[in-house]
1. Condition first: within 22 Å of Val225 (Cα to Cα), under 16 Å from the mean Cα position of the chain (by Cα) and of a type outside the set (S, T, N, Q). Now tell me which residues in the range 107-137 satisfy that.
2. Any idea which of Val81, Val116, Val105, Val87 is in contact (Cβ under 8 Å) with a residue 40 or more places away in the chain and either closer than 19 Å to Gly193 by Cα or surrounded by 24 or more Cβ atoms within 10 Å (Cβ to Cβ) (or both)?
3. Within the range 370-395, work out how many residues are closer than 20 Å to Ser261 by Cα and among the hydroxyl-bearing types (Ser, Thr, Tyr).
4. Answer with yes or no whether Ser305 is in a helix (DSSP H, G or I) and either touching a Ser or Thr at 6+ places or on another chain (Cβ under 8 Å) or basic (Lys, Arg) (or both).
5. How many of the residues in the range 328-349 are farther than 16 Å from Ser278 by Cα and surrounded by 22 or more Cβ atoms within 10 Å (Cβ to Cβ)?
6. Can you spot a residue in the range 111-125 that is over 27 Å from Pro385 (Cα atoms) and among the β-branched types (Val, Ile, Thr)?
7. Considering every residue within the range 162-177, establish whether at least one is over 19 Å from Val234 (Cα atoms), surrounded by 19 or more Cβ atoms within 10 Å (Cβ to Cβ) and of a type in the set (A, V, I, L, M, F, W, C).
8. Report whether or not Pro325 is surrounded by fewer than 19 Cβ atoms within 10 Å (Cβ to Cβ), at pLDDT below 80 and part of a helix (DSSP H, G or I).
Amino acid sequence: MCKNEFISKYRTKVIKKNKKAKKTIFLPWQTHFNVLGTFFDRYGKNKIPVKVSSQHTGTSLSILLYLSLAHLFNDAFQSAVSAAYPVIRDHLSLTFGQIGLIVFVYQICASVFQPVAGIIFDKYPKPWYLGAGTTSTMIGLTLLAFASSIHWVMLSVAFIGLGSSVIHPEASRLTHYASGGRHGLAQSIFQVGGNLGGAIGPLLAAAIVTPYGQRYIVVLAGIAVISLFTKAPVVRWYGNRIRSARTGELPKAVIHRVRLSKKKIYFSLFVLLTLMFSKHAYSASLSSFYTFYLIEKFGLTNRESQIFLFAYLLASAAGTFLGGPIGDKFGRKWVIWFSILGTAPFSLMMPYANLMWTCILSIMIGIILSSAFSAILVYAQELLPTKVGLISGLFFGLAFGIAGIAAAILGYVADMNGLEYVYKICAYIPLTGLAAVFLPHVKPLRK
C-alpha cells in the first residue's frame, strides 16, 4: 500500500469515528500522522512530502518574518516617495493642492482595489501574487524617477498604489495562515515590518533623493528588484500549501466563530470602520504633511524634517509590535479603546508646542495610535473568519482610501489657511475613539 492510500484510509477511519461521537476533535491523530509520514518519506517507495498547515503545527516564525520583510520593502518605497514630495514639488513647481491630488491618486489606487484583490485571493489562491505586486511598484518607481509633469507623477504613483493593493491583502492573508492561531502576535510581526519600512523610507529619501534629485528615485526601483528574491521562501511555502490542499493532504482548518448575531457582527464592523477612519484621518496629517509642517513652522531643512519624520515612524513601529500581543492577552477591545482615545491629549497639545515638544508628542502619538491597527484587523478577522482576504483588503483599502481623501482635503485647507491651522483641526479627530464603547467582548467559539 502506497503512502497516500494509507493516509487516506487512516484519515477516513478517524473522520467516521468522530462523526459517531457527534463532536469535533481537532487533529487527534496529528502526532501519529507525522511519525508515519516521516517513516514513509524515508523508507517508502512513494516519497511525496506531506505538507500541513502552520495553523495546525504552530506559528511559522520564518514565514512571518519573510512576510514582514515584504511589508517592510513595500512601505519603505511608499514612505520614501512621500518624503520625496518636497523634491518633486520644487522640481515641478507644484502647489500643496497638487501634492494633495497626487497623494489622493496614490491612496485611491492603493485602496479601491484592495477589497477586490482580497476576494480574488480568497477564491483563486496563487503563490505569485506578491511578486506581481512588487513588479507594479518597481514600474511606478521607474516612471516617477523620469516624470516631467504632474500627469506622469500621478500615473507613476498609481502603479505604486496598485502594487500596494496586491501586497497588503495577500501578505496579511498569508500571515493569518502562518500564525498558528496567535493572530495578534502574527499581525504585529507583519505590521511592524511595514512600520519599520515606513521609518526607513524617509532616510532613503534623505540619503538618495534629496541630495541628488528626482532622477535618483530609480535607485529605489533597483532595490525593488532585489526585494523580489526575498519573497521566494514565501512562494515555495504557499505553493506547497496550495498543492497539499488540492491533494487532500492539508488538514481541514478549524474555524473559530464568535457568539454574535449577524446584525451585531455587521454593527461591530461598522464601529471598527469608524475607528479606522479616526486613526487614519489623523495619521494622514502626520505622514503626508509633517515634514512641510516642520519646515513651515520651525524653519527646518528638508533633511532635518525627514529625521523628525523618521522618529515618528519608528515610534509607530514600536507601538504596532506591542499592540498585537497585548490584544491577545488582555483583549483587543481595550487596546483599540486606549490606542485611539489615548492619542487625544497629545494631539491637542502638539499644535501649541515648541520644536522639542513637537518631536516628543509626535513620538507618543506614534506609539499609542499605531497599536490600534493590528487589534482592529484581527478583531474584524475574528468576526468573519472565513473571509480573511476580504477583511484584510477592506481594512487595508479603507486605511489607504481615508488617508488619500484626508490628504487631498488637508492639502487644499493648508493652501488656504496654513498647516498650523490644519493640525489644530485634526487634533480633535482622535476623540472619535469613544465609539469603541459599542464594541462587544468577543470570545471565539471553536466549531
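The values are calculated or read from the model by the stated rules, or taken from the named source; none is laboratory data. All figures in this text were calculated on a predicted structure; none of them were measured in a lab. No Cβ is skipped: glycine too gets one built from the backbone with ideal geometry, and neighbour counts run over all protein chains shown.
1. Within the range 107-137, Cys109, Ala110, Tyr129, Leu130, Gly133 qualify.
2. Criteria check complete, one pass: Val81.
3. Total meeting the criteria: 2.
4. For Ser305, the condition - in a helix (DSSP H, G or I) and either touching a Ser or Thr at 6+ places or on another chain (Cβ under 8 Å) or basic (Lys, Arg) (or both) - is met.
5. Total meeting the criteria: 1.
6. Looking for residues that are over 27 Å from Pro385 (Cα atoms) and among the β-branched types (Val, Ile, Thr), one finds none in the range 111-125, hence no.
7. Yes, the range 162-177 has at least one match.
8. yes
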